[in-house]
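Trainee: Supplied in structure tokens, the structure appears directly below.
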Amino acid sequence: MRVFDPFEELRRMQERMARLLDEFDRMSLTAGVELDMPVDVIEEEDRIRIVADLPGFDKSDINVYIEDGDLIIRAERKEEKEDRSRNYIRRERRYGEVYRRISLPAEVDEDKIKARYNNGVLEIEIPKTSKERKVIKIE
């Protein structure tokens, strides 16, 4: 037989309140914070490599293109339809769009850009053009 403990319910209420306050703090600290996309841009002799962390995205939700000499990476993580039968204790996963515009440090061959997405990492290889400088003869 279980002995009645008048403070047991008080301890449970205190734990629930602590979880609630923790969640409130987390929400206030991250309110308005967008999804993040850290990138590395590496210039090599014949190409530019870009490595971007995009964990949790589906490959079909990532777009890469060149616009006005810049590389654009756009990705969107759509929120799952709300299931009211779920009783979330904590809900921290973020949804929305990420966007990066990266100025390319050299002339590139747009037709030969390659992109791979594996294990949450997007790798882009952009070949540099082998255009020689036009020398202008001075008269």
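Trainee: Calculate the spin-label point distance for LYS59 paired with ALA106, positioning each point 7 Å from the Cα along the beta-carbon direction, and give it in nanometres.
Mentor: Going from the ALA106 label point to the LYS59 one covers 2.8 nm.
Trainee: Same structure again: Which distance in nm do the two modelled labels at MET17 and GLU76 give, with both placed 7 Å along the Cα-to-Cβ direction?
Mentor: With each label point 7 Å from Cα toward Cβ, the separation is 4.3 nm.
Trainee: Given 0.36 nm per residue, what is the gain on full extension from ARG93 to VAL3 after removing their alpha carbon distance, in nm? Present the calculation step by step, with values, prior to reporting the outcome.
Mentor: Details: separation 90, 0.36 × 90 = 32.40 nm, distance 4.11 nm.
The ARG93-VAL3 span can extend by a further 28.3 nm.
Trainee: Explain nothing, just the number: relative contact order of region 42-102, from Cα pairs under 8 Å at least 6 residues apart, as a whole percent.
Mentor: Working: 58 pairs, mean separation 17.9, N = 61.
Value for region 42-102: 29 percent.
Trainee: Can you list the lysines whose alpha carbon sits under 21 Å from that of LYS128, skipping same-chain ones fewer than 8 residues off?
Mentor: LYS112, LYS114
Trainee: For every other residue with a beta carbon closer than 12 angstrom to the beta carbon of VAL39, add +1 if it is Lys or Arg and -1 if Asp or Glu, then tell me the sum.
Mentor: Numbers: positive: ARG49, ARG100, ARG101; negative: ASP36, ASP40, ASP53, GLU123.
Overall, the nearby charge balance is -1.
Trainee: So how far apart, in nm, are the two label points at ASP68 and ASP36 if each is 7 Å from Cα heading toward Cβ?
Mentor: Result for the modelled spin labels: 2.8 nm.
Trainee: What ranking do ASP61, ASP5 get, fewest neighbouring Cβ atoms within 10 angstrom at the top?
Mentor: Working: ASP61 14, ASP5 9.
Lowest to highest Cβ neighbour count: ASP5, ASP61.
Quick note: the coordinates plus some simple rules give every number you see, no bench work behind them. This one's a predicted model, so the numbers in the text were calculated from it and none came from an experiment. As a convention, Cβ positions derive from the backbone with ideal geometry for all residues, glycine included, and neighbour counts pool all protein chains shown.
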